[in-house]
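Here the structure is laid out as structure tokens; the discussion comes afterwards.
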Amino acid sequence: MSEATNELGNTSKTGLKKVRRIPPELSILLVLIGIALIFEVMGWYVVGDSFLANKQRLSIIVLQVAVTGIIAVGVTQVIITGGVDLSSGSMVGFIAMVVASFAQTSLNARAVFLQPEYAQFGLSWFIDSSPLWPILVGILLGAFLGYLNGLVIAKTGIPPFIATLGMMVSARGLAKWYTEGQPVALLNENFTWLGQSFNLWGFPVPRTVIVFFIVAIICHVALSYTRYGKFTYAIGANPQAARVSGIDIGKHLIKVYAVAGLLSGLAGVMLAARAQSGQPNMGISFELDAIAAAVIGGASLTGGVGRITGTVIGTIILGVVTSGFTFLKVGAYYQEIVKGAIIVAAVVIDVYRQRKKSRA
Amino acid sequence: MARSQVISPQTMQAVRNSGAVAQSEYLLEVKDVRKEFPGVVALDNVELRLRRGTVHALMGENGAGKSTLMKILAGIYTPDSGIFRLRGQEIRLKNPLDALENGIAMIHQELNLMAPMTVSENIWIGREPSGRFGLIDHAEMNRRTEALFERLGIEIDPEIRVGKLSVANRQMVEIAKAVSFDSDVLIMDEPTSALTDKEVSHLFRIIRSLKADGKGIIYITHKMNELFEIADEVSVFRDGKYIATHNSVDVTRDDIIRMMVGREITQMFPKEAATIGDIVLSVRDLTLNGIFKDVSFDLRAGEVLGFAGLVGSGRSNVAETIFGVTPANAGTIELFGKQVVVSSPSVAMRHGMAFLTEDRKETGCFLLLDIQENAQMAVLQQRYVRFGFVQQEKLRKEADEMANRLRVRTPDMAEPIINLSGGNQQKVLICRWLMTNPRILILDEPTRGIDVGAKAEIHRLISQLAGQGVAIIMISSEMPEVLGMSDRVVVLHEGRVTGILDRAEADQVKIMELASR
Ligand SMILES: Nc1ncnc2c1ncn2[C@@H]1O[C@H](COP(=O)(O)OP(=O)(O)OP(=O)(O)O)[C@@H](O)[C@H]1O
Ligand SMILES: [Mg+2]
């Protein structure tokens, strides 16, 4: 920067120089690489095989977390505003059921919309119809439930934790009520296509993963380069200052929760397509994995801080940990115990690094 | 709160005794202190000597390094190097608790109280008296607060929540809290930036009695007249370097300014005559229950309307209501000839208003975000957005220009705003509102914590905006600022307008009379 001058004389800029900033995701990326390398070494040591040099495994790593990843991208935005969304897992369950019912084939004599209580609404029309319908219904229903979350939070001022906890319980109830606990199966192949993989240079690439990355890129752009993003950060950083700066906080929060809901809806669509069915207990505790991914990725539950790139890396860390343990043939119970510790450890490393920086 | 924060009387006593053994001319002596932040040399081998029973003023432009040195003395930052002697003995402070135990207490530049807690709880946090079963003895705690307040002549209810207090009263609580440690060294970082003359003289009475008790006080301020009233000695820093120390009786205001900025600054309050235009804002019988009542006035284009009054007179509240932060219970607001229900700040902004608030930490800064984001947040409501996308390049250019004009001292605009000195944060907030090109600009303590040079620049800006037909409401606790800048002065007392004075008839005596009636 040149020496700035103004009418008053010269501005002294002595002792000032620009600093190079390292992106905050770098440290979390290093954590990811570290964990992957540990599994690689352990792999040779314990099972005598490479962890990473396996196409199948690499695609599974992302596949099994892609659905929570889609939710995590949404919940990251909610967390940046200083809130939290606990309802996503239940929403996924309910929406997967509804979506599945819109994608059933006539091969299934017990298809939901062929049942008398639904058939009277003329819904049997959707049997064997275009896969666009279930997708659209899932996304819109998610956005609507998210909108309700936002509306309650904005209009009543109750903490997001409580509002979304209510939605979490109710949506799970809806999922069970919808078919009285029965799974919705035998789905249209045009629809389940969405949940399958295609081949890219010999790599099996699940379409869910592609959807996850597209969603992440769109939301990253929205958070970094649009007014929507700027306001999201502002509200989380200081709600009072945001209000005085002319931001309509209520209106904006409704948008953010609707976006989070929409992404939960999309996750429900992808899950139903992949599982080729809808089941009322789908998505249980997905909300916690999503929140964990966001927090591992550097989002702060006190608001104002968080990035989609971090969340994507956080999601992949969760995937690596899960497949790493399976690969090492660690029992499922141990996996969970250790996973909890790893979530905390990843965040501790990050917090420690941040503190060291600010104490400089 | 951690019990370990309690400072035992024994430790305090031991510290005092050791001091008595190694008597030295100075209570506190620091030398060759250096502190670097990424991209900034905040302190470059500075020195400072504080005698017992004196007030030592520390002056310097925004970003000169004053607060940084004080935070080092309070154990918050660790210096890169430096020698520290307290009562003749070399010390190394490891953390804030360590500093307190050594007898150094500090009133910070920004308020640090917890709004949802009571005054008592805030003062004694970490040092709560415990009663039966080791539980906190609230009655005893309130008694101690009352005793403390009585000694200091402060009239605030110990059991009221801090969030309910005005900024000035919060500052008084901070002062009382710092005094309650009974430390030998008391650091005050711009304690009067939010106080009116009445509380300032109250504070000075407190300071004089502390002096009589043999305490040493380091006093940071940007207000020259305070310097000559209260300080015995003055040291000046510039750009992180030590310039000189003098007895305050040996120097003039101009000497100090020359040392601070290295050049002359004349004309403190240059409001130039502007053509006064039509009425743009007309307020009638505005009422906010329990706060102010029946406030009426007109504001014209090109006019600077000063708001004067004591703390608690409701000046800031009226401004907040006009801007829609706390909508009125009764009364009307007419903007550009049309009646408008200003139900929120966004409504106010749509009608061309801008509002710089008084408390930059609570309602101003987004401390987690960088300078650029902080500067541009308000303008995004109206400009520089296409199809939802922010036009970052144009914004960056405008913010840069504005920041240079106000002399924001920073390596670059991507720096987190929390790393700026207090005065520089204030300048960024002024940038934020100027970028919105307001037609009605409400400024609540616009030069709070701002150094003399930048202050003159801000006054020049206000004057220039008025010349362009912007209507300005300026709230200020500094009488010379109100008198120098205002075309008319609205005086409030306990939530009512007690008089509106023209520039020609306004003087300090008249205003004080109306303000305390
Ligand atoms: N934590 C930090 N990280 C990076 N830079 C910092 C930090 N704290 C202070 N600085 C820089 O150090 C310099 C000195 O700041 P300091 O707060 O001491 O100024 P000051 O003299 O108190 O100014 P003011 O009158 O505005 O309060 C400034 O340039 C500031 O930007
Ligand atoms: Mg300072």
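Residue by residue through the stretch B:367-377, which ³J(HN,Hα) values in whole Hz follow from phi under the Karplus form 6.51 cos²θ - 1.76 cosθ + 1.60 (θ = phi - 60°), with glycine and proline marked x?
Each residue of the stretch B:367-377 in turn: 5, 7, 9, 7, 4, 4, 4, 4, 6, 9, 4 Hz.
Under 5 Å between amide H atoms, partner at least 5 residues away or on a different chain: which partners does B:PHE355 have, H built in plane at 1.01 Å?
B:ILE442
Where Rh is the Kirkwood radius over the Cα pairs of the stretch B:387-497, the temperature 4 °C and the viscosity 1.567 mPa s, what D in µm²/s does Stokes-Einstein return?
D = 84 µm²/s.
Rank by packing, highest mean first: peptides A:70-82, B:184-196, with packing defined as the count of other Cβ atoms within 10 Å averaged across residues.
The peptides rank, most packed first, as A:70-82, B:184-196.
Using a 1.4 angstrom probe, figure out how much accessible area the stretch A:25-359 has per residue, in square angstrom, rounded to the nearest whole.
44 Å²
Please get the size of the charge dipole for chain B, origin at its Cα centre, with Cβ charges of +1 on Lys and Arg and -1 on Asp and Glu, quoted in debye to the nearest 20.
Computed about the Cα centre, the dipole is about 520 debye.
When the gyration tensor of the stretch B:367-437 is built from Cα positions, what are the square roots of 5 times its three eigenvalues, in whole Å, from largest to smallest?
20, 12, 10
Hey, could you pull the Cα Rg and Dmax for the stretch B:264-395, both in Å?
Radius of gyration, then largest Cα-Cα span, for the stretch B:264-395: 17.3, 49 Å.
For the stretch A:260-322, which semi-axes, largest first and in whole Å, follow from the square roots of 5 times the eigenvalues of its Cα gyration tensor?
24, 13, 10
Accessible area per residue, 1.4 Å probe, Å², for the stretch B:111-182: what's the number?
49 Å²
Report for the protein assembly as shown the percent antiparallel among DSSP-assigned beta bridges with both residues inside it, nearest 5.
60 percent
Under a 10 Å cutoff between Cα atoms, tell me which one of A:GLY157, A:GLY298, A:GLY146 has the largest fluctuation in the Gaussian network model of chain A.
A:GLY157
What is the Cα centroid distance between the stretch A:142-200 and the stretch B:412-475, reported in whole angstrom?
48 Å
In a GNM of chain A with a 10 Å cut-off on Cα contacts, which of A:LEU328, A:LEU145, A:LEU186 has the highest mean-square fluctuation?
Comparing A:LEU328, A:LEU145, A:LEU186 in a Gaussian network model of chain A, the most mobile one is A:LEU328.
Residues of the stretch B:142-171 with the amide nitrogen closer than 16 Å to a label point 7 Å from the Cα of B:SER209, along Cα-to-Cβ, please.
Flagged as within label range: B:144-156.
Given chain A, report the % of alpha carbon pairs whose separation exceeds 40 Å.
More than 40 Å apart: 20 percent of the Cα pairs in chain A.
I want to verify a result. In a Gaussian network model of chain A, Cα cutoff 10 Å, which of these has the top mean-square fluctuation: A:ARG110, A:ARG20, A:ARG172?
The residue with the greatest mean-square fluctuation here is A:ARG20.
Got a sec to turn the phi values of the stretch B:458-466 into Karplus ³J(HN,Hα) couplings, 6.51 cos²θ - 1.76 cosθ + 1.60 with θ = phi - 60°, whole Hz, x for Gly and Pro?
5, 5, 4, 4, 4, 4, 5, 4, 4
Using helices alone, what [θ] at 222 nm do you get for chain A, with -39,500 (n - 2.57) per DSSP H run of 4 or more residues, divided over all residues and rounded to the nearest 500?
Estimated from H runs of four or more residues: -22000 deg cm²/dmol.
Which whole-Hz ³J(HN,Hα) couplings does the stretch A:110-115 yield from phi under the Karplus relation 6.51 cos²θ - 1.76 cosθ + 1.60, θ = phi - 60°, glycine and proline marked x?
Working through the residues one at a time gives 9, 3, 4, 6, 8, 5 Hz.
Hey, any idea what % of chain B's accessible area is carbon plus sulfur with a 1.4 Å probe?
On chain B, the fraction of accessible area on carbon and sulfur atoms equals 49 percent.
Rank by packing, highest mean first: peptides A:197-203, B:498-504, with packing defined as the count of other Cβ atoms within 10 Å averaged across residues.
Top of the packing list down: B:498-504, A:197-203.
I'd like the accessible area for B:PHE292: 1.4 Å probe, protein heavy atoms, all chains in place, Å² to the nearest 10.
We get 10 Å² for B:PHE292.
For B:ALA244, list long-range residues whose amide hydrogen, built 1.01 Å from N in the peptide plane, is under 5 Å from its own amide hydrogen.
B:VAL236
Rounded to the nearest 500, what is chain B's calculated 222 nm mean residue ellipticity when only DSSP H runs of at least 4 contribute -39500 (n - 2.57) each, over all residues?
-9500 deg cm²/dmol
How crowded by other chains is B:324-331, given as the mean number of beta carbons from other chains within 10 Å of each beta carbon?
Per-residue shielding by partner chains comes out at 1.
Would you mind giving the total buried accessible surface between chains A and B, with a 1.4 Å probe and ligands, DNA and RNA left out, rounded to the nearest 100 Å²?
Its buried surface, counting both partners, is about 4100 Å².
What order, most packed first, do the peptides B:216-226, B:331-341, A:286-296 have when packing is the mean number of other Cβ atoms within 10 Å of each residue?
Taking the mean over residues of other Cβ atoms within 10 Å, the ranking is A:286-296, B:216-226, B:331-341.
When all alpha-carbon pairs of the protein assembly as shown are counted, what percent fall beyond 44 Å?
40 percent
Based on Cβ point charges of +1 for Lys and Arg and -1 for Asp and Glu, what charge dipole magnitude is obtained for the stretch B:303-394 about its Cα centre, in debye rounded to the nearest 20?
Once rounded to the nearest 20, the dipole reads 280 debye.
Just for the stretch B:319-455, what percent of DSSP beta bridges are antiparallel, to the closest 5?
55 percent
Using the alpha-carbon atoms, what tilt in degrees (0 to 90, nearest 10) does helix A:308-327 show relative to the longest principal axis of chain A?
Value to nearest ten degrees: 60.
What size of dipole, in debye to the nearest 20, comes out for the stretch B:111-182 about its Cα centre when the only charges are +1 on Lys and Arg C-beta atoms and -1 on Asp and Glu C-beta atoms?
Roughly 140 debye, rounded to the nearest 20.
Based on the Cβ-Cβ distance from B:THR287 to B:ARG383, what FRET efficiency comes out when R0 is 45 Å, to the nearest 0.05?
Calculated transfer efficiency: 0.85.
Please report the spacing between the Cα centers of the stretch B:186-242 and the stretch A:46-91 in Å, no decimals.
56 Å
Mind listing the long-range amide H neighbours of B:SER130? Cut-off is under 5 Å, sequence gap 5 or more, other chains count too, H placed in the peptide plane at 1.01 Å from N.
Long-range HN contacts for B:SER130: B:ASP137.
Taking the Cα atoms of the stretch A:99-199, report the difference between the largest and smallest coordinate on each principal axis, in whole Å and largest first.
Its Cα atoms span 48, 41, 21 Å along the three principal axes.
Just name one of A:GLY74, A:SER129, A:GLN115: the one whose Cα is farthest towards the positive end of the charge dipole of the stretch A:18-133 (beta-carbon charges, Lys/Arg +1, Asp/Glu -1).
A:GLY74
Name the residue farthest towards the positive end of the dipole of the stretch A:25-359 from the options A:TYR147, A:TYR333, A:LEU271, assuming +1 on Cβ of Lys and Arg, -1 on Cβ of Asp and Glu, about the Cα centre.
A:TYR147
Leaving ligands, DNA and RNA out of it, report the carbon-plus-sulfur percent of the accessible area of the stretch A:25-359 at a 1.4 Å probe.
Reported share for carbon and sulfur atoms: 69 percent.
How are the C-alpha pair distances of chain B spread across 10 Å bins, as whole percents from the shortest bin up?
All Cα pairs considered, the percentages come to 4, 18, 28, 26, 17, 7, 1, 0.
What does the average come to when, for each residue of peptide A:229-241, you count the partner chain Cβ atoms lying within 10 Å of its Cβ?
Going residue by residue through A:229-241 and averaging, the value is 6.
Shielding of B:362-368 by partners, i.e. mean partner chain Cβ atoms within 10 Å per residue?
6
Quote the relative contact order of chain B in percent (integer), defining contacts as alpha-carbon pairs under 8 Å separated by 6+ residues.
With pairs under 8 Å counted, the relative contact order is 16 percent.
With every protein chain left in place, what is the accessible area per residue of the stretch B:367-437 in square angstrom, probe 1.4 Å?
Here the per-residue accessible area is 37 Å².
The values are calculated or read from the model by the stated rules, or taken from the named source; none is laboratory data. Here the structure is a predicted model, which means the values were calculated and not measured. Note: ideal-geometry Cβ built from the backbone for every residue, glycine included; neighbour counts use all protein chains shown. Note: accessible area is taken over every heavy atom of the protein model, side chains too, but ligands, DNA and RNA are not part of it. Shrake-Rupley method; radii C 1.70, N 1.55, O 1.52, S 1.80 Å.
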